[in-house]
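Read the structure below first, then the notes.
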Amino acid sequence: MDIDKSALLVVDVQKDFCSGGALPVPGGDGVVAPLNRYIDDAVERGIPVYASRDWHPANHCSFRTKGGPWPAHCVQGTLGAEFAKELAVPLGVHIISKATSSDHESYSDFDGTGLADRLRRGGVKRVFAGGLATEYCVLATVEDALREGFQVVLMTDAVRAINVDPSDGERAMQRMIRAGAVPVAWRTWPDGTRRITVVD
Ligand SMILES: [Zn+2]
């Protein structure tokens, strides 16, 4: 991971999006191990880590009880809104809470959070993005990051899709890459070391 002007952005890796949660992303728990490797690497290199969370009031407009598409999830202060248990949230993490008012839905970490300014003030030019779910909050966040002028590195081994339509996740990946995100994953190199590697 390049030390210069990078930040790691972990999108919505919360209990409600993992197995046993209110709105589980299939295989969502699978992002935790690769993300922990990215987090370790970032901490070692002094790269700041940002972790976003869906942080809804109990009467949020995205809930079915309010006419929205989703079951109630990630209600502020509840167990389901906590970060996934095994996620190695580092000391000094910057937490981004979004969709915090009842009448506004946000999929993007940049929507109403001040994140772009916070990153710029920190001198960040490039974000490494991953988390849940690929075709919703990761896609919206990556598109906004690019629109805001940040370079984006997409951690392809650290995202999972809901796949309401089975191709949703793959289509979102292609869309992010076409928009300019550079796809990477952890790979074992011939010399036996594991490195963050650009993938096709
Ligand atoms: Zn939500």
Quiz item: Before we move on, is L35 open to solvent by less than 10 Å² (accessible area, probe 1.4 Å), under 19 Å from the mean Cα position of the chain (by Cα) and more than 16 Å from the ligand (Cβ to nearest atom)?
Solution: yes
Practice problem: Scan A42, A72 and give me the residue that is part of a loop (DSSP other than H, G, I, E, B) and at pLDDT 95 or above. | Solution: A72
Quiz item: Does R171 meet the test of being more than 11 Å from the chain's Cα centre (by Cα) and under 19 Å from S6 (Cβ atoms)?
Solution: no
Quiz prompt | Hey, G123 touching a residue at least 24 places away in the same chain (Cβ under 8 Å), more than 12 Å from A179 (Cβ to Cβ) and more than 16 Å from the ligand (Cβ to nearest atom) or not | solution = yes
Self-check item: Output for region 161-187, where each listed residue is touching a strand residue (DSSP E or B) at 6+ places or on another chain (Cβ under 6 Å) and under 27 Å from S19 (Cα atoms)
Solution: M176, P183, V184, A185, W186, R187
Quiz item: In region 54-78, what residues are in contact with an Asp or Glu (Cβ under 8 Å, 6 or more places away or on another chain) and exposed (fewer than 15 other Cβ atoms within 10 Å of the Cβ)?
Solution: G68
Quiz prompt | Only listed residue being more than 24 Å from T197 (Cα to Cα) and touching a residue at least 24 places away in the same chain (Cβ under 8 Å), chosen from G80, G28, G46 | solution = G80
Quiz item: So how many residues does region 180-191 have that are open to solvent by 60 Å² or more (accessible area, probe 1.4 Å) and farther than 17 Å from Y38 by Cα?
Solution: 2
Self-check item: Residue that is within 15 Å of the ligand (Cβ to nearest atom) and not aromatic (F, W, Y), where the choices are A84, A140, A145
Solution: A140
Practice problem: Given the conditions (1) more than 16 Å from the ligand (Cβ to nearest atom); (2) at positive phi; (3) not hydrophobic (A, V, I, L, M, F, W, C), report the number of the one that G67 does not fulfil. | Solution: (1)
Practice problem: Any residue in region 10-24 that's at positive phi and in a loop (DSSP other than H, G, I, E, B): show its pairings with residues that are of a type in the set (D, E) and near the ligand (Cβ under 10 Å from one of its atoms) at Cβ separation under 8 Å, as long as the two are six or more apart or on different chains. | Solution: D12/D54
Quiz item: Which one of these is buried (at least 20 other Cβ atoms within 10 Å of the Cβ), within 30 Å of G123 (Cα to Cα) and touching a Pro at 6+ places or on another chain (Cβ under 8 Å): A81, A42, A51?
Solution: A42
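The values are calculated or read from the model by the stated rules, or taken from the named source; none is laboratory data. These numbers come from a predicted model, not from an experiment. All Cβ positions, even for glycine, are placed from backbone atoms using ideal geometry, and neighbour counts span all protein chains on display. Just the protein is used for accessible areas: all its heavy atoms, side chains included, with ligands, DNA and RNA removed. Shrake-Rupley method; radii C 1.70, N 1.55, O 1.52, S 1.80 Å.
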